[in-house]
Amino acid sequence: MAYKQISVEPIAGSCGAEISGVNLANPMNRKTFAELYEAWLTYQVLFFRDQKLTSGEYLKFARKWGAIHMHPFVKGLRQYPEILEVKKTETDTYTFGNRWHTDQMFAPRPAKATLLYAKETPAVGGDTLYANMYDAYNALSPGMKTMLAPIRTFNVGDGNKRSAKYGDRQNRYKGASAKPKTPPKGVKTNSQHPLVRTHPETGRKALYIGVHTQEFVGFTGEEGNFLIDMLRTHCTKEEFIARFDWQKNSMAIWDNRCLQHYAVSDYPGQRRRMHRITIKGDKPY
Ligand code: SIN
């Protein structure tokens, strides 16, 4: 597509594009937003530099992408509960998001999109990696695609309940600045999903797996673990990955329906503070 309102510069062969020519704090006309949305579906994750927004302006921009998905396990900001602060201080040891995952996959209707806005960044390090799950699916052999097609996964949100093999268990948020909360009554935090999902807007197929995936339904633990390990390794091959180097006031918005992401924990003794908003999604099919 030829973009007229914005400039779009891909950052890797796999996914990701840096956008310029737009100030997200300003009201945005329909044509500009339509181009942004089109670029987002094409590149799966968009990055913006030097954006200066108040929390109110940030939330207003986020709402253009859909209704807000509240995190069941982490409290948001007091004044803006929709905004979750992902903070690591000089003394924290836990890095939020330091596993390959797709956001809130444990929910029956997982987050469609995530926005992340850099408030403080380390002098060096603290990048985020993204892996393209369309490409990971397409790279499988026809035989493997046929075998995986009917599989349903079981995904668990509470790290304390994860199997012995996967997850953080009792260390969840230990040494972290995140403020854990108990999920509100009636909010489901375990869900089954198709392993191969169809993107509801592009119609493309993507592998749908991440750290929350604990079992394959109807498989023994041994069989499921073997396939989960194989797919986790496959999904994060270098060919599928893009890397974003944050600066203060950078913003990203990514599509959880066709990407996994990973927060790199390589800045001990430094601060990193990000504001995160997630957007509600549909039931995967
Ligand atoms: C997340 O997993 O949502 C946070 C990613 C990051 O902090 O880079």
Please list, in chain and number order, the residues 5+ apart from residue 68 or on another chain whose amide H is under 5 Å from its amide H, with Hs placed from the backbone. 280
Size of the dipole of the stretch 24-139 about the Cα centre, Lys and Arg at +1 and Asp and Glu at -1 on the beta carbon, nothing else charged, in debye to 20? 440
Out of 59, 146, 262, whose Cα points farthest toward the positive end of the dipole of the chain (charges: +1 Lys, Arg; -1 Asp, Glu; placed on Cβ)? 59
Based on the alpha-carbon gyration tensor of the chain and its eigenvalue square roots a ≥ b ≥ c, which shape applies: rounded if a/c is under 1.5, prolate if not and a/b is larger than b/c, or oblate? oblate
Solvent exposure of the chain as accessible area per residue, Å², 1.4 Å probe: 46
Can you run phi through the Karplus equation (6.51, -1.76, 1.60; θ = phi - 60°) for the stretch 265-271 and list ³J(HN,Hα) in whole Hz, with x for Gly and Pro? 9, 10, 9, x, x, 10, 9
For the stretch 40-55 and the stretch 232-285, what is the separation of their C-alpha centers, rounded to whole Å? 12
Solvent-accessible area, 1.4 Å probe, carbon plus sulfur percent, for the chain: 50
Solvent-accessible area of residue 219, probe 1.4 Å, all protein chains present, reported in Å² to the nearest ten, please. 80
Using helices alone, what [θ] at 222 nm do you get for the chain, with -39,500 (n - 2.57) per DSSP H run of 4 or more residues, divided over all residues and rounded to the nearest 500? -5500 deg cm²/dmol
Going residue by residue through the stretch 79-94, the Karplus relation 6.51 cos²θ - 1.76 cosθ + 1.60 with θ = phi - 60° gives ³J(HN,Hα) values, rounded to whole Hz and with x marking Gly or Pro, of 7, 10, x, 6, 9, 9, 8, 9, 10, 10, 8, 4, 9, 5, 10, 8
For each pair in 52/248; 87/248; 75/188; 75/280; 179/248, compute the distance between the two Cα atoms and list the pairs where it is over 20 Å. 179/248
With +1 on the Cβ of every Lys and Arg and -1 on the Cβ of every Asp and Glu, the dipole magnitude of the chain about its Cα centre, in debye rounded to the nearest 20, is 1100
Whole-Hz Karplus couplings 3J(HN,Hα) for the stretch 120-135, θ = phi - 60° and coefficients 6.51, -1.76, 1.60, Gly and Pro as x, run 9, 10, x, 4, 8, x, x, 6, 10, 9, 10, 10, 7, 7, 5, 5
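The values are calculated or read from the model by the stated rules, or taken from the named source; none is laboratory data. Keep in mind the model is a prediction, meaning the values are calculated, not measured. Positions of Cβ are backbone-derived with ideal geometry, glycine not excepted, and every protein chain shown enters the neighbour counts. Each accessible area value is taken on the protein alone, full model and side chains, heavy atoms only, with ligands, DNA and RNA left out. Shrake-Rupley method; radii C 1.70, N 1.55, O 1.52, S 1.80 Å.
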